[in-house]
1. Restricting attention to strands (runs of 3 or more DSSP E) lying wholly within the stretch 1-118, give those where 3 or more residues are over 20 Å from the mean Cα position of the chain (by Cα).
2. With Gly245, Gly256, Gly330 as the choices, which residue is part of a loop (DSSP other than H, G, I, E, B), of a type outside the set (A, V, I, L, M, F, W, C) and surrounded by 14 or more Cβ atoms within 10 Å (Cβ to Cβ)?
3. Quick one: count up the residues across the stretch 177-210 that are near the ligand (Cβ under 10 Å from one of its atoms) and among the hydrophobic types (A, V, I, L, M, F, W, C).
4. Name the pairs whose Cβ atoms lie under 7 Å apart, with the first residue in the stretch 18-39 and within 16 Å of the ligand (Cβ to nearest atom), the second among the small types (Gly, Ala, Ser), and 6 or more positions between them or separate chains?
5. Only residues that are acidic (Asp, Glu) and touching a Lys or Arg at 6+ places or on another chain (Cβ under 7 Å): list them for the stretch 1-51, please.
6. Checking Phe138 against (1) aromatic (Phe, Trp, Tyr); (2) surrounded by 16 or more Cβ atoms within 10 Å (Cβ to Cβ); (3) out of contact with any His (no Cβ under 9 Å at 6 or more places or on another chain), which test does it fail?
7. Is one or more of the residues making up the stretch 334-341 closer than 30 Å to Met179 by Cβ and out of contact with any Cys (no Cβ under 7 Å at 6 or more places or on another chain)?
8. From the residues in the stretch 60-71 that are more than 10 Å from the ligand (Cβ to nearest atom) and touching a residue at least 12 places away in the same chain (Cβ under 8 Å), which one is surrounded by the fewest Cβ atoms within 10 Å (Cβ to Cβ)?
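The values are calculated or read from the model by the stated rules, or taken from the named source; none is laboratory data. This structure is a prediction, so every number in the text was calculated from the model and none was measured. Methodologically, a virtual Cβ is constructed for each residue, glycine included, from the backbone with ideal geometry; neighbour enumeration extends over all protein chains shown.
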Amino acid sequence: MFNNSNKNILLTGTAGFIGSNFVPYFLDKYPNYNLVNIDLLTYAGDLENLKECEANPRYKFIKGDICNRELIEFIFNEYDIQGVIHFAAESHVDNSIKNPGVFVQTNVNGTFTLIDVAYKYWMSKPFTYKDEYKGCRFHHISTDEVYGTLSLDPNDLFTEKTPYAPNSPYSASKASSDMIIRAYNETYGMNTVITNCSNNYGPKQHDEKLIPTIIRNALKGNPIPIYGDGKNIRDWLYVLDHCKGIDLVYHNGKTGETYNIGGRNERTNLQIVDTITTILDEQVPKPDFSYKSLITFVEDRAGHDRRYAIDATKLENELGWKADENFDTGIVKTIEWYLGKYK
Ligand SMILES: NC(=O)c1ccc[n+]([C@@H]2O[C@H](COP(=O)([O-])OP(=O)(O)OC[C@H]3O[C@@H](n4cnc5c(N)ncnc54)[C@H](O)[C@@H]3O)[C@@H](O)[C@H]2O)c1
């Protein structure tokens with residue numbers, strides 16, 4: 001139990017990539033918040049990611065499942081939770097193709113459990129917050145993948161009005177969780193916000209994801225696998241810029257609204273691997289080969305979306321968000337971090 005009059009906020013999934021970048025940022029920025037962190041520590045969660053926060057008296061970690069209603073109710077009561085920022089999810093598209101069930105369980109049922117417990121703890125009936133919980137907000141972290149895939153026309157961008165058209169079991173489970181959040185706002189008048197972000201990169205990302213996979217295999221001299229023709233396009237955002245966007249929306253976003261977050265940094269997978277191998281060739285050159293010679297095309301991912309790109313105008317204009325990094329600056333910081341991890 002915390003022994004002060006700070007506000008207690010529940011954060012889920014913070015031993016993973018984005019959450020573990022968010023927690024130190026948020027602890028540092030808001031001395032009047034205590035952060036209660038719940039994470040199941042699946043293969044994707046690692047407490048090493050939160051080591052820098054362990055000594056902070058305003059940080060508490062609980063190992064547990066967001067689908068466990070009794071545990072979530074206990075946490076709300078024990079810590080008198082006054083806000084939720086919900087990161088926890090199964091997040092890897094390839095895994096969702098092999099084993100979709102756990103995506104529905106965590107991403108859909110887990111989100112339902114969290115918001116339903118919050119509703120009953122904060123509100124006495126639809127559209128009526130209990131006096132002591134007025135203003136308590138539920139922020140759901142989601143993805144641009146809910147919108148499906150785009151044409152190659154550079155003017156074709158995901159806006160908050162783009163119809164949902166998820167194509168993978170991962171994006172379908174995230175789209176479903178977004179709909180649950182929407183329903184709790186529409187039906188019960190809950191104070192909710194949703195952010196749909198593009199691909200993140202930066203420190204602490206799991207080994208299975210594209211950028212760590214490229215760096216790790218390159219440094220080991222292994223083949224660097226690239227799906228299909230390597231021309232799939234993603235809009236890359238440095239993880240701390242995502243965290244800053246979440247902070248703005250959590251504090252200043254309009255209730256019931258969705259905000260897209262994206263870096264206006266579209267890159268094909270081939271451009272990503274080319275940039276990374278160029279930097280590695282400069283920074284940690286091998287005497288007998290270029291890292292570029294390791295690039296190997298492998299069978300494409302089933303149902304591989306061709307292009308994602310975000311129009312972040314709403315977040316920029318309404319809340320004043322702007323990415324501090326572009327891909328060329330962010331990737332240098334990212335590589336530096338992974339050189340420390342993999343060398
Ligand atoms: N990584 C990206 O590029 C990206 C982009 C947009 C949106 N998102 C969204 O951001 C959120 C965080 O993504 P990430 O990349 O940090 O994911 P991640 O896979 O790195 O971390 C997910 C965390 O959730 C935990 N978790 C999984 N199931 C749980 C359960 N049942 N109960 C409690 N904890 C559980 C895991 O242990 C892990 O620590 C997700 O909701 C994801 O959909 C990610």
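1. Details: elements: 7-12, 33-39, 59-63, 83-86.
Counting at least 3 such residues, we get no strands (runs of 3 or more DSSP E) at all.
2. Details: Gly245 fails: part of a loop (DSSP other than H, G, I, E, B); Gly330 fails: part of a loop (DSSP other than H, G, I, E, B).
None of the other options fit; the residue is Gly256.
3. Going through the stretch 177-210 one residue at a time, the tally reaches 2.
4. Gly19/Gly13; Asn21/Gly202; Ile38/Gly64; Asp39/Gly13; Asp39/Ala15; Asp39/Gly45; Asp39/Ala88
5. Here is the first cut: in the stretch 1-51, the residues acidic (Asp, Glu) are 28, 39, 46, 48.
Hit for the stretch 1-51 is Asp39, nothing else.
6. Only one criterion is unmet by Phe138, namely (3).
7. No.
8. Of all residues in the stretch 60-71, those more than 10 Å from the ligand (Cβ to nearest atom) come to 60-61, 69-70.
From the residues that got through so far, the ones that are touching a residue at least 12 places away in the same chain (Cβ under 8 Å) too are 60-61, 69.
On the way: Lys60: 19, Phe61: 19, Arg69: 15.
Only one residue fits best here, namely Arg69.
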